[in-house]
Amino acid sequence: MRIVVSCFVLFFLITLAGDCYAFRFDVWTSGMTVDEALSVAQQNNLPIQKSGIISGDTKFNPSVRRHAASATKFYYRGELLGKQASVNLSFTPQSKKLCSVSIRWSGINRFPDFKAELDSILMKKYGKPAGFQKELFGDTRFWKADNTLISLQVMFSSTAELKYADRQLIEVEGRERSSIEKRTQESHRSKDESKF
């Protein structure tokens, strides 16, 4: 992934009302399908892979397409803000729409200015956080931009995770997961009812 200091705007661009998506991060827009995301990854030669599969790929591997129908989580590693990061894409389980993107940096305690730099970028773009939550192992700050919830979580001072979430698609994700669970329970009951 190419990183240039002057490209912060590209990487942290949120497109607001009037467009068909709630957020944009790098080449990703909320609402794109898994197939569209894999095509974008191929066009940009990103080493995307299904979550749970460890890969040493440094460029796009077409075999990832075999997971398009079943997987809802994908990731790739690259450099962002001069540090190694993992970019994670989450899709709704049935409609297969991109509902959130999270970027995770580990080992940031070796870079004392990193957290302040990231805070500065976010506050310049979105203003002061709309909320703050102190937790046992770290803290989380929230920003809201129309239909997007942006959160920055810092854990143990060594890990930072920035997340963009399309609030409407997160609701869709919840309804779809609930529907899948209900069908699964009904299937188990139907299959096992006679055993009692």
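The values are calculated or read from the model by the stated rules, or taken from the named source; none is laboratory data. Nothing here was measured: the structure is a model prediction, and the numbers come from that model. Backbone-built Cβ (ideal geometry, glycine too); neighbour counts: all protein chains shown.
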query = Where residues in the stretch 114-124 are out of contact with any Leu (no Cβ under 8 Å at 6 or more places or on another chain) and modelled with pLDDT under 90, which of them is nearest to Val87 (Cα to Cα)?
reply = Lys115
ask   = Exactly one of (1) under 13 Å from the mean Cα position of the chain (by Cα); (2) under 19 Å from Ala85 (Cα atoms); (3) among the hydrophobic types (A, V, I, L, M, F, W, C) is unmet by Phe23. Its number?
value = (2)
request  = Would you be able to say whether some residue in the stretch 55-72 is at negative phi and under 16 Å from the mean Cα position of the chain (by Cα)?
outcome  = yes
request  = Mind telling me which of the residues Ile150, Ile103, Ile53 ends up being of a type in the set (A, V, I, L, M), free of Cβ contacts under 8 Å to residues at least 24 places away in the same chain and not in a helix (DSSP H, G or I)?
outcome  = Ile53
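Each row is one residue, and each column tells you yes or no for (1) among the aromatic types (Phe, Trp, Tyr); (2) closer than 28 Å to Thr184 by Cα; (3) at pLDDT below 95.
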{"position": "Tyr76", "(1), (2), (3)": "yes, no, no"}
{"position": "Leu80", "(1), (2), (3)": "no, no, yes"}
{"position": "Lys83", "(1), (2), (3)": "no, no, yes"}
{"position": "Val87", "(1), (2), (3)": "no, no, no"}
{"position": "Ile103", "(1), (2), (3)": "no, no, no"}
{"position": "Phe111", "(1), (2), (3)": "yes, no, yes"}
message = Return the residues of the stretch 56-90 that are free of Cβ contacts under 8 Å to residues at least 12 places away in the same chain, outside any loop (DSSP other than H, G, I, E, B) and hydroxyl-bearing (Ser, Thr, Tyr); say none if nothing qualifies.
response = Ser63
message = Restricting to the stretch 115-147, and then to whatever is of a type in the set (Gly, Ala, Ser) and outside any helix (DSSP H, G or I), can you tell me which residue is surrounded by the most Cβ atoms within 10 Å (Cβ to Cβ)?
response = Ala145
